[in-house]
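Contents: one structure, followed by commentary.
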Amino acid sequence: MSDSKIGRRALLRGAGGLAALAALPSLSACGTGTSRTASTGTGGKGSKTVVVRDSGGSYGAALQKAIYTPFTQATGIQVKVLNLDDAPLLAQIKQGRPQCDLINNSMMAHNKYVKQDALEALDRDRLKSLKSAKIPKAQITDHAIGHSFYGQCIGYRTDAFGGKKPESWADFWDTKAFQGSRAMVHPDGDLPELEFALLADGVPMDKLYPLDVDRAFKVLTRLRPDIKKFWDSGPLPGVLLSRQEVTMSTVWDGRLADLQKQGVPVARQLNGMRRQFSGYAIAKGAANLDNAYKLMDFALSAESQAAVAKAFPSNPSSPLAYAKLTEDERNALAGAPKYYDKGFDADVDWWLKNEAAVTKRWLEWARG
């Protein structure tokens with residue numbers, strides 16, 4: 001996957017590109033998308049093509065191997081891939097000319113698309129995998145279905161604390177028992193990490209939301225002198241840990257695996273992990289509507305989710321997918337049953353309402 005993990009901030013930032021679309025001029029010549037009436041007049045029936053938006057990179061390569069190629073082999077439908085940011089794609093949809101049919105995006109971004117009236121309302125009867133893969137109800141919405149998540153957790157050097165290992169966010173904040181500098185995320189990398197501050201201050205995981213923003217910033221201020229770097233791309237926490245510039249950092253859960261294989265003494269702690277889901281949705285006015293449903297159904301199956309996890313450190317939403325992995329493959333994933341209860345789901349609704357204000361306050365706080 002790209003450093004931005006499906007264009008992370010393009011997907012998650014609420015006050016930027018998506019909200020700004022209302023100010024865009026009419027784009028009569030945006031892209032080469034076609035309406036479904038221009039395509040076949042039947043919502044794409046009989047078409048042998050489907051266009052899917054994903055982020056490309058190593059994640060896109062994994063999707064090609066695990067989903068797109070097998071789908072074409074099974075159906076004869078060719079999958080074309082589009083790497084496009086949210087703003088131009090939304091502009092196309094507003095013009096009734098989306099270049100893509102199926103959109104792979106964060107569930108938070110899909111919620112923003114819904115507010116722009118940019119997604120098809122889903123006919124769940126056309127998605128058999130919802131039941132067969134036992135997709136969690138929390139990841140089934142009227143317009144999007146969650147297929148996987150990434151977790152934000154603690155990464156640390158195993159040689160830094162005399163054999164001790166951090167067990168909680170309280171340990172992350174304890175720079176006396178666990179000495180050394182810290183790194184945390186910048187809003188250009190992900191949502192501000194208020195939840196971790198509150199967990200460090202004793203708030204139970206199931207009582208986090210609505211977030212006590214004032215309390216969270218007070219806790220963050222206690223750690224501020226020990227935060228050496230605010231990271232804005234996926235690889236940076238691993239780089240900082242490898243160079244021993246910090247002894248602990250917040251990190252996306254799959255980012256340390258390659259370093260471990262190279263012998264770098266790093267590990268992750270999943271207690272208090274924040275989960276954020278990605279999902280599939282169909283662009284409003286999709287030219288190849290039927291094929292979009294077919295690809296979506298294929299991709300949501302437990303078999304497809306497991307295949308993606310074998311090719312890339314993606315945590316399936318389907319609990320049945322984990323049974324299709326070897327024990328080593330399964331336990332390498334933050335979504336494995338043995339780890340799942342250690343974390344919590346980010347409250348998408350809360351962040352949609354509050355991200356802009358929190359980000360503004362965070363930037364002011366970071367500047368001191």
Practice problem: Keeping to the stretch 182-198, report how many residues are in a loop (DSSP other than H, G, I, E, B) and hydrophobic (A, V, I, L, M, F, W, C). | Solution: 1
Quiz item: Taking the stretch 103-137 on its own, how many of its residues are out of contact with any Gly (no Cβ under 8 Å at 6 or more places or on another chain), within 19 Å of S314 (Cα to Cα) and open to solvent by 30 Å² or more (accessible area, probe 1.4 Å)?
Solution: 1
Practice problem: Looking only at the stretch 336-358, count how many residues are assigned to a strand (DSSP E or B) and over 23 Å from Y59 (Cα atoms). | Solution: 1
Quiz item: Which ones in the stretch 152-174 are out of contact with any Ser or Thr (no Cβ under 9 Å at 6 or more places or on another chain) and surrounded by 19 or more Cβ atoms within 10 Å (Cβ to Cβ)?
Solution: P166, W169, D171, W173
Quiz prompt | Residue pairs meeting the criteria (Cβ under 8 Å; at least 6 apart or on separate chains; first surrounded by fewer than 17 Cβ atoms within 10 Å (Cβ to Cβ) and of a type in the set (A, V, I, L, M), in the stretch 199-226; second at pLDDT below 95 and in a loop (DSSP other than H, G, I, E, B)) | solution = none
Exercise. Pull up the stretch 271-292, narrow it to residues that are in contact with a Pro (Cβ under 8 Å, 6 or more places away or on another chain) and not in a strand (DSSP E or B), then point me to the one that is surrounded by the most Cβ atoms within 10 Å (Cβ to Cβ).
Key: A286
Practice problem: Select, from L295, L333, the only residue that is buried (at least 19 other Cβ atoms within 10 Å of the Cβ) and either outside any helix (DSSP H, G or I) or without any contact (Cβ under 8 Å) to a residue 40 or more places away in the chain (or both). | Solution: L333
Quiz item: Quick check, is A323 over 15 Å from D214 (Cα atoms), of a type in the set (A, V, I, L, M, F, W, C), more than 19 Å from the chain's Cα centre (by Cα) and not in a loop (DSSP other than H, G, I, E, B)?
Solution: yes
Self-check item: Filter result (more than 28 Å from N354 (Cβ to Cβ) and surrounded by 14 or more Cβ atoms within 10 Å (Cβ to Cβ)) within the stretch 175-197
Solution: T175, F178, G180, S181
Quiz prompt | Residue check, R97 within 25 Å of V79 (Cα to Cα) and touching a Cys at 6+ places or on another chain (Cβ under 8 Å) | solution = yes
Practice problem: Write out, first by first residue and then by second, each pair whose Cβ atoms fall under 9 Å of each other, whose residues are 6+ apart or on separate chains, and whose first residue, in the stretch 45-68, is on the phi > 0 side of the Ramachandran plot and at pLDDT below 95 while the second is assigned to a helix (DSSP H, G or I) and not small (G, A, S). | Solution: G46/D290
Practice problem: Output yes when any residue across the stretch 142-163 is over 30 Å from G238 (Cβ atoms) and of a type in the set (A, V, I, L, M), and no when none is. | Solution: yes
Quiz item: Any idea which residue in the stretch 152-181 is farthest from V213 (Cα to Cα), counting only those that are in contact with a Phe, Trp or Tyr (Cβ under 7 Å, 6 or more places away or on another chain) and in a strand (DSSP E or B)?
Solution: I154
Exercise. Determine the pairs where a residue that is closer than 16 Å to Q139 by Cβ and in contact (Cβ under 8 Å) with a residue 24 or more places away in the chain, located within the stretch 109-124, has a partner that is acidic (D, E) and outside any loop (DSSP other than H, G, I, E, B) with Cβ atoms under 7 Å apart, the partner being 6 or more residues away or on another chain.
Key: A109/D86
Self-check item: Test: R255 is closer than 30 Å to P187 by Cα and open to solvent by less than 10 Å² (accessible area, probe 1.4 Å)
Solution: no
Quiz item: Are any of the residues in the stretch 230-239 open to solvent by less than 10 Å² (accessible area, probe 1.4 Å), more than 30 Å from I77 (Cα to Cα) and part of a strand (DSSP E or B)?
Solution: yes
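The values are calculated or read from the model by the stated rules, or taken from the named source; none is laboratory data. In this text, all values refer to a predicted model and were calculated from it rather than measured experimentally. Cβ atoms come from the backbone with ideal geometry, glycine included; neighbour counts cover every protein chain shown. Side chains included, ligands, DNA and RNA excluded: accessible areas come from the protein's heavy atoms. Shrake-Rupley method; radii C 1.70, N 1.55, O 1.52, S 1.80 Å.
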